[in-house]
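Worksheet: one structure, shown below.
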Amino acid sequence: MRKRAQSDSIDGILRDLGEDAPRPIAPEAWFLGGNAENADLLGALLTEALAGHVKNRQAYAPKDPDFLYDEDRNADFAKTSDEMLVSLKDLNDKLKGSIPLSSFRNQSHMYWDITLPGIAGYVAGMLHNQNQAAAEASPVTTAIEYFVGQQLCTMLGYDTDAVPKPWGHITAGGTIANVEAAWAARNLRFQAVALAHTIKTNVDFVDARNLTVKTCDGRRMAISRLSDWELINIAVDDMLDLPHRLESAAGIPEEAIAAALDTFSVQATGLLDFYSKALPKTAAPVVLVPATAHYSWARACGIMGVGLSQMIPIAVDHDGRMSTVALRAALSRFQTEKRPVLMVVAVMGTTTESAVDPLADILDIRDEYRETGLDFVVHADAAWGGYFASILRPATKGPFGATSPLAPMSNYVVRQFEALGEADTITVDPHKAGFIPYPAGALCYRSGIMPGLITVVADIVYHGGDAMTMGACALAGSSPGASSTAVYLSHQAIPPNQMGYGDLLGRCLFNAKRFYAALVTMAKDNDPFVLVPFKPLPAERAGKTSIEIAEQCALIDDQIVGLKNEVLKQKLHDDAALKELFDELGPDLTVFNYAFNFRTAEGINADLNLMNELNTSIFNACSIQKNEKYEVPPQQIFLTAHSFDPRMHGQDFCDHFTARAGATPIAGEKIDYLVSTMQNPWITNTSRGNFIPNLRDILRHIVQNEVATIVHRHGLTPMPKSKS
Ligand SMILES: Cc1ncc(COP(=O)(O)O)c(C=O)c1O
């Protein structure tokens, strides 16, 4: 285990990067705008990024020669330059066929526009240093990466004044961060076994045989007397502290410990050899993820040699959140089977259901199981949801504060985000809800000792001393300094706290609730369709009668849907009950799932296959299925779609949703649904007021057409037209 990156050589730069005092902030300056309203500002920023770089380039050794221009080839130079411009113009013409990402009509995936400072920071960083594999070749961007890593740790609730200090770094994305977190968790879980094995077999470690260590259930015993199971389950922080204790309490030199782990550890020998030498009787380790987990976890388990079949999906409840009942059942089973649990993953906002797993409960469950001798790493996969923590983060250091009245988070979600600081590792992607250009993911460690478990240094990028490259404790080799400078500049303009990102994402949450309210009240009694939100109305969640649910729907229509933002905000300020209802409305974060079903003369359609056909055809009408021209697609609105799958979500989950939609469940059948992601802070506050009613009208029109088509195609009798 090596010390991870923290270097004297960047300290001077770090001091200079310190945060500014709070200042007035105009969110209108953060993005280019759907109609490129801020084109001049972006132009000025890009011009400055280039001019600053040109100045810096010219300042170093100005008397050195230029590269050679062949006078005879001036004409070729002019031609080559022209061709570059023509190719660029041609590329722009081709890119015109892209989905209009920043439009109010784009409600599809979890990305919208990128911040202006993010773009400018990226360009400036890219021009100055496109690769920071080695700290000595990228002294400034390495320091900036360290700095933004600390900012992210603070935003997420880690205490950057703690000892050991937390540590975060930029990755190429959430997948890489998740794989790295799994890698670190695997190495951590077997560290005590490796050290105990060394103590037993290496005479240089004889003095450590009686070293007392704490088991996770609180007993203190000599390390050489602990069983394999007890060693595997030493609690995370004690496990991390073990090499240090060998040094401080048993007098084993640091280099000898590092050399021993370099020779015998799961990292050194690989899982197969490690198990055959040190754990011949122990069952294969498992990784526990919610059934809705991102596929990066399958990749992590495959790469780590843990195996996909050891990735255990834990069932989700009807909200799409990990079921704590199912988690407890799995943990008890693995404890009985004496299978090491490497980690439990809580997803803080799935990008499909927007579901936030019950992290606070998972941490409590870990405390419970620790008392019975089972420990595991808790990882929060907040790749998408992590930046929402800024809604709780005050501008000054210290604990999380209350949400602002205009950032309507449900009590449940607040509780889970408040627990983030206790997770051992957190994935957070600036390139998702941080609105920063790709690639910019990040992994944050609660203890800065933990990344030492995965440190691999190459002599070409690390020349000894303290100035270890950030990439030594990372999965990637080379990485763009531009990702760090993009995050840095974006955070300068939009601080990762309630002043900046908290405000930005609070607006998105506010708009997501308004969008939910508009859609759940969209279908009237005389409409030939119904809309079933995956997240039921609070009254339905509370098990109220259908009359009470209809009353709540009417109240939402009356008190929320048609109101101007200012009027609604005033009402939310004055009316505590309405505020409570508004906070609890809709999905955990800003991804809204819903399915349509249709009505005929006989009543609501009961055939799940026909319901799926309807939602697929609506999706086709609201997405690009085929685009052979470089033209902006003619769609009026962009949505995406997904399916609830009995193999992933469970049959009970799927049956429950199907029944809510009025159809008859079919065993094993998927249920198609639509997805609207609200990552647009302005949609209810445009120069022409709230844009959501326009989207609702567009969607209504599409749904009516698709219903008519299906009814006709299948020879059904349409619902009689209402006289009103
Ligand atoms: C919860 C979660 N984790 C991880 C990832 C992977 O992130 P990336 O695409 O940046 O690799 C995603 C991507 O959507 C995600 O939603």
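Residue-by-condition table, conditions (1) assigned to a loop (DSSP other than H, G, I, E, B); (2) small (Gly, Ala, Ser); (3) under 30 Å from SER676 (Cβ atoms):
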position: GLU37; (1), (2), (3): yes, no, yes
position: ALA49; (1), (2), (3): no, yes, no
position: PRO65; (1), (2), (3): yes, no, no
position: LYS94; (1), (2), (3): no, no, yes
position: PRO100; (1), (2), (3): yes, no, yes
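Looking at (1) of a type in the set (A, V, I, L, M); (2) open to solvent by 50 Å² or more (accessible area, probe 1.4 Å); (3) over 31 Å from the mean Cα position of the chain (by Cα), which is the one condition that is false for ILE303?
The failed condition is (3).
Kindly indicate which of ILE252, ILE312 is open to solvent by less than 10 Å² (accessible area, probe 1.4 Å) and in contact with a Leu (Cβ under 8 Å, 6 or more places away or on another chain). Lay out the reasoning, then the answer.
Values: ILE312 fails: open to solvent by less than 10 Å² (accessible area, probe 1.4 Å).
Every option except ILE252 fails the conditions.
Could you check how many residues of segment 106-129 are part of a loop (DSSP other than H, G, I, E, B), of a type outside the set (Phe, Trp, Tyr) and modelled with pLDDT under 95? Spell out the reasoning first.
Kept after step one, since they are part of a loop (DSSP other than H, G, I, E, B), are these residues of segment 106-129: 107-115, 129.
Of the ones still in play, those that are also of a type outside the set (Phe, Trp, Tyr) are 107-110, 113-115, 129.
Now drop any that are not modelled with pLDDT under 95, which leaves 107-110, 113, 129.
Summing the residues that are part of a loop (DSSP other than H, G, I, E, B), of a type outside the set (Phe, Trp, Tyr) and modelled with pLDDT under 95 in segment 106-129 gives 6.
Exactly one of these conditions fails for THR269: (1) open to solvent by 20 Å² or more (accessible area, probe 1.4 Å); (2) in contact (Cβ under 8 Å) with a residue 12 or more places away in the chain; (3) not aromatic (Phe, Trp, Tyr). Give me its number.
For THR269, the failing item is (2).
What are the residues in segment 382-398 that are open to solvent by 10 Å² or more (accessible area, probe 1.4 Å) and within 13 Å of the ligand (Cβ to nearest atom), if any?
ALA383
From the set of residues in segment 663-685 that are open to solvent by 30 Å² or more (accessible area, probe 1.4 Å), closer than 23 Å to VAL520 by Cα and not aromatic (Phe, Trp, Tyr), which is modelled with the lowest pLDDT?
Within segment 663-685, the subset open to solvent by 30 Å² or more (accessible area, probe 1.4 Å) is 664-670, 672, 682, 685.
Subsequent filtering for residues that are closer than 23 Å to VAL520 by Cα retains 664-665, 670, 672, 682, 685.
Still in the list and also not aromatic (Phe, Trp, Tyr): 664-665, 670, 672, 685.
On the way: THR664: 98, PRO665: 97, LYS670: 98, ASP672: 98, ASN685: 93.
Step by step, filter segment 663-685, then rank; the result is ASN685.
Select the helices (runs of 4 or more DSSP H) contained entirely in segment 492-570, then report the ones holding at least 3 residues which are crowded, with 21+ Cβ neighbours inside 10 Å.
Working: elements: 501-520, 538-541, 546-556.
The qualifying helices (runs of 4 or more DSSP H) are 501-520.
For segment 160-214, name all the residues that are within 19 Å of ASP273 (Cβ to Cβ) and within 16 Å of the ligand (Cβ to nearest atom).
Answer for segment 160-214, where residues must be within 19 Å of ASP273 (Cβ to Cβ) and within 16 Å of the ligand (Cβ to nearest atom): just TRP183.
Residues that are on the phi > 0 side of the Ramachandran plot and either open to solvent by less than 10 Å² (accessible area, probe 1.4 Å) or modelled with pLDDT under 95 (or both): does segment 439-462 have at least one?
No, segment 439-462 has no match at all.
Given PRO358, PRO430, which one is modelled with pLDDT of 95 or more, under 30 Å from THR336 (Cα atoms) and within 16 Å of the ligand (Cβ to nearest atom)?
Checking each option against the conditions leaves just PRO358.
Could you tell me which of the residues TYR369, TYR412 is more than 16 Å from the ligand (Cβ to nearest atom) and either without any contact (Cβ under 8 Å) to a residue 60 or more places away in the chain or in contact with a strand residue (DSSP E or B) (Cβ under 6 Å, 6 or more places away or on another chain) (or both)?
Numbers: TYR412 fails: either without any contact (Cβ under 8 Å) to a residue 60 or more places away in the chain or in contact with a strand residue (DSSP E or B) (Cβ under 6 Å, 6 or more places away or on another chain) (or both).
Going through TYR369, TYR412 in turn, just one is more than 16 Å from the ligand (Cβ to nearest atom) and either without any contact (Cβ under 8 Å) to a residue 60 or more places away in the chain or in contact with a strand residue (DSSP E or B) (Cβ under 6 Å, 6 or more places away or on another chain) (or both): TYR369.
Would you mind telling me which numbered condition in (1) closer than 30 Å to PHE435 by Cα; (2) touching a Ser or Thr at 6+ places or on another chain (Cβ under 8 Å); (3) of a type outside the set (Phe, Trp, Tyr) ILE618 fails?
The one condition ILE618 does not meet is (2).
Quick one: how many residues across segment 413-426 are touching a Lys or Arg at 6+ places or on another chain (Cβ under 9 Å) and surrounded by fewer than 22 Cβ atoms within 10 Å (Cβ to Cβ)?
Final tally of qualifying residues: 2.
Within segment 318-332, which residues are open to solvent by 40 Å² or more (accessible area, probe 1.4 Å) and touching a residue at least 60 places away in the same chain (Cβ under 8 Å)?
Within segment 318-332, HIS318 is the sole residue that qualifies.
State which residue pairs qualify: first residue of a type in the set (D, E, K, R) and inside segment 230-244, second residue surrounded by fewer than 20 Cβ atoms within 10 Å (Cβ to Cβ) in any location, beta carbons under 8 Å apart, and separation of 6 or more residues or different chains.
GLU230/MET221; GLU230/GLY373; ASP238/LYS214
Test ASN56 against the stated conditions and say whether it is touching an Asp or Glu at 6+ places or on another chain (Cβ under 9 Å), of a type outside the set (Asp, Glu) and modelled with pLDDT of 95 or more. Before the answer, list the steps.
Values: touching an Asp or Glu at 6+ places or on another chain (Cβ under 9 Å): no; of a type outside the set (Asp, Glu): yes; modelled with pLDDT of 95 or more: yes.
It is false that ASN56 is touching an Asp or Glu at 6+ places or on another chain (Cβ under 9 Å), of a type outside the set (Asp, Glu) and modelled with pLDDT of 95 or more.
Considering only segment 433-457, how many residues are within 16 Å of the ligand (Cβ to nearest atom), aliphatic (A, V, I, L, M) and touching an Asp or Glu at 6+ places or on another chain (Cβ under 9 Å)?
4
I'd like the full set of residues that are among the aliphatic types (A, V, I, L, M) and either more than 29 Å from the chain's Cα centre (by Cα) or not assigned by TED's automatic domain parsing to the domain that holds ALA661 (or both), limited to segment 516-541. Reasoning before the result, please.
Of the residues in segment 516-541, the ones among the aliphatic types (A, V, I, L, M) are 517-520, 522-523, 530-532, 537, 539.
Across segment 516-541, the qualifying residues are MET522, ALA523, VAL530, ALA539.
Would you call VAL289 in the same structural domain as LEU374 (by TED's automatic domain parsing), of a type outside the set (Asp, Glu) and part of a helix (DSSP H, G or I)? Please lay out each step first, then the result.
On the way: in the same structural domain as LEU374 (by TED's automatic domain parsing): yes; of a type outside the set (Asp, Glu): yes; part of a helix (DSSP H, G or I): no.
No.
Which condition number does GLN150 fail, the rest of (1) within 21 Å of ASN497 (Cα to Cα); (2) within 16 Å of the ligand (Cβ to nearest atom) being met?
(2)
State all residues of segment 182-210 that are open to solvent by 10 Å² or more (accessible area, probe 1.4 Å) and aliphatic (A, V, I, L, M); if no residue qualifies, say none.
Those that are open to solvent by 10 Å² or more (accessible area, probe 1.4 Å) and aliphatic (A, V, I, L, M): VAL203, VAL206.
Please list, ordered by first then second residue, the pairs with beta carbon atoms under 8 Å, 6 or more apart or interchain, first in segment 70-97 and in contact (Cβ under 8 Å) with a residue 12 or more places away in the chain, second open to solvent by 90 Å² or more (accessible area, probe 1.4 Å) and hydroxyl-bearing (Ser, Thr, Tyr).
ASP93/TYR630; LYS94/TYR630; LEU95/TYR630; LYS96/TYR630; GLY97/TYR630
The values are calculated or read from the model by the stated rules, or taken from the named source; none is laboratory data. This one's a predicted model, so the numbers in the text were calculated from it and none came from an experiment. So basically every Cβ, Gly included, is an ideal-geometry build from the backbone, and we count neighbours across all protein chains shown. Heads up: the accessible areas ignore ligands, DNA and RNA and are worked out on the full protein's heavy atoms, side chains in. Shrake-Rupley method; radii C 1.70, N 1.55, O 1.52, S 1.80 Å.
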